[in-house]
Amino acid sequence: MKNGMSRWKRFALGLILLLGAASAKAEAPAHCSYGYQDSSCLGPQYRAPQTPPTCSTGVGWTTLTPAKWIGSGFTQPACHYDAPPTCAPGYDQQSAPVWNGSEWVGLVCVPQARQVTPPTQLAACEATGNFPGTIAGTVLRPPASQYAISSSGTMTGAASYSNVYMPVMNGAGSIAPNLYCNGAYPATTGSMPVSSDGNVYDIFVAQAGQIDANTGQPGIVAASICYLQTGTNNVAYLLLVGMMKNPGTCH
């Protein structure tokens, strides 16, 4: 009986200890609960890799300095943009520029065609320095108000000979005897298209007049005839017509 009681006591004591341990375990805070955390409670921390920023790959863009990793992130790259080049004033674009990845290439510019109008053609004649000009050292440039400058139109060399040159020469010849006591004669210098060349010219005439004693009408004292390649500002010929005094003793 005593031995049985001893076994019972041992059983009861074991049960009490087991229940006490379970109770103590239930009352203790769970590992890694709030207030009971340490470094072993933290799981691995990960972040997706950063992609370095880059400059635009569009036309005209270049990278001066790429992005750099500074331990916690990338710096911003230094980028530069070149606008496509254009032609300078007075030039037309013949071929457009092309971006080759680092620079613009291929731009071709050509001078614009010069504007051609009667004023620009007249200016081209005057730019020769001999419209109106000189002949045999005699200045054929009376006061500007005495000069009549006009366009004779567009015509071939043959037409200009009969319609411009001959009237000027005939007008000068008609008053030549009346200019000086011993008379005078028409003289020319420069050049003109031959009457049969068949080319077309734009023609300007600058002439000074004097009253013809025989007709009472203005006649030709001096004239400059300017021939331009038709439709251009290019002077092809310049003919000067003037009056030269006949030799003599008259003063």
> From the backbone phi of the stretch 88-94, what are the Karplus-calculated ³J(HN,Hα) couplings (6.51 cos²θ - 1.76 cosθ + 1.60, θ = phi - 60°) in whole Hz, Gly and Pro given as x?
Replying inline: 6, x, x, 10, 9, 7, 9
> Which of the peptides 223-229, 109-115 is most tightly packed, and how do the rest follow, going by the mean number of other Cβ atoms within 10 Å of each residue?
Replying inline: 223-229, 109-115
> If amide H atoms are built 1.01 Å from N in the plane of the peptide, which residues on other chains or at least 5 residues away come under 5 Å of the amide H of residue 199?
Replying inline: 157
> Listed highest first by mean packing, meaning other Cβ atoms within 10 Å per residue, what order do 160-170, 48-58 come in?
Replying inline: 160-170, 48-58
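Throughout, read-outs are computed from the coordinates displayed, never taken from laboratory work. From a predicted model like this one, the values you see are computed outputs, not experimental measurements. Reconstructed Cβ throughout: ideal geometry from the backbone, glycine too, with neighbour counts over all protein chains shown.
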